[in-house]
Amino acid sequence: MLFRSRLRTGRRTGVSLGGRGTPALIVLSLLLLLTSSTPPSIAVRDGASSLLRVLTEPIAAVGRGLAVIGAVAADVQALRTRLALTLQERDEAAASASRVASLEREITELQAILDLRSSISFSSIAVQVVARDFEIGKRLVIIDRGTRDGITEGDVVIGAGGTLAGRVISVAEGSAQVRLVSDPEFTVTAEIASTGAIGLLHGRGANPLVFDDIDALRDVPVGAEVTTSGIELTSAIRSAFPRGLSIGRVVTVSDPSGAVIKSAEVKPILELDAARTLLVILNYGGGLQPPVSP
């Protein structure tokens, strides 16, 4: 009995509370609705909105700042990527262009040597420069042919256009050493055919060649071509170099007043320091022959 009475009491209490609370809520809602347009309510609402904006604006500013930083970082990374790709493309293009230019130059040299070989009357062989010795006071190169190819010490070496390049000074079975015209120890008798000026020409390394001991009465025009004189008296007495090989052109002339001889500077026609393909004359046999023993 007691248990049942409590249950009934609890149900009645809850219903009575719910019944009293519902009208109160309705009345409160009506009051808020009726007063929402009044100045106090508007002031309260505006104040709350301002307070909310003040509280949320720093957070929004931080968010916008983070967004800007993220965008800048993305742009920088994109620029770095593009720069890296551009540098790579440039290097690849430069390497390719350099290789193409090198091949074109080599083709030009080979063609010039082939044309030269077909135009000269001497027996000859084409060679490649495989090493260079350009220390101070030296202008030597190593070529890839030697005694087994018929090359001997003293053979004349020429380049494209029939230009004098140098002379073989030592030979091995599969290689040979050539002293270039620009070497300080190289000397050749040369002339200016148009004026008859004759003198001795020798190298000075990277500097222009020196053409000296020239008769002061002979004209030496700037720009004139200098060639080997190639004096030949008999088959046994002749110059160490064939006549008419081009060497270079006069660039300056030194003609002191009252002097009996003068000199000039000559720029080689052949790019001696860069030439890669040359021609060795095999059957010239110039220079004085050694005396025959009795």
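Candidates Ala216, Ala176: the one that is more than 30 Å from Val260 (Cα to Cα) and either over 29 Å from the mean Cα position of the chain (by Cα) or of a type in the set (S, T, N, Q) (or both) is Ala176. Can you say whether Glu153 is without any contact (Cβ under 8 Å) to a residue 40 or more places away in the chain and assigned by TED's automatic domain parsing to the domain that holds Arg204, as far as the supplied structure shows? Yes.
In the condition set (1) at pLDDT below 95; (2) closer than 25 Å to Thr152 by Cβ, Ile198 is compliant with all but (2). Can you tell me which residue within the stretch 105-121, out of those that are without any contact (Cβ under 8 Å) to a residue 12 or more places away in the chain and loosely packed, with under 10 Cβ neighbours inside 10 Å, is farthest from Leu282 (Cα to Cα)? Going through the qualifying residues, I end up with Ser118. Among the criteria (1) outside the structural domain of Lys267 (by TED's automatic domain parsing); (2) over 21 Å from Glu271 (Cα atoms), the one Arg117 does not fulfil is (2). Scanning the stretch 210-232 for residues that are more than 10 Å from Ala190 (Cβ to Cβ) and among the aromatic types (Phe, Trp, Tyr) gives no hits.
Gly248: under 37 Å from the mean Cα position of the chain (by Cα) and in the same structural domain as Arg167 (by TED's automatic domain parsing), yes or no? Considered against the rule, which asks whether it is under 37 Å from the mean Cα position of the chain (by Cα) and in the same structural domain as Arg167 (by TED's automatic domain parsing), Gly248 comes out as yes. Within the stretch 258-294, the residues that satisfy the criterion of being over 30 Å from Gly150 (Cβ atoms) and either modelled with pLDDT of 85 or more or in contact with a strand residue (DSSP E or B) (Cβ under 9 Å, 6 or more places away or on another chain) (or both) are Ala259, Val260, Ile261, Lys262, Ser263, Ala264, Glu265, Val266, Lys267. Val178: touching a Pro at 6+ places or on another chain (Cβ under 8 Å), in contact (Cβ under 8 Å) with a residue 40 or more places away in the chain and closer than 27 Å to Gly230 by Cβ, yes or no? Judged against the criteria, Val178 is not a match.
The values are calculated or read from the model by the stated rules, or taken from the named source; none is laboratory data. Model, not experiment: these values are computed from the prediction. A quick note on method: Cβ atoms are made from the backbone with ideal geometry, for glycine too, and the neighbour counts reach across all protein chains shown.
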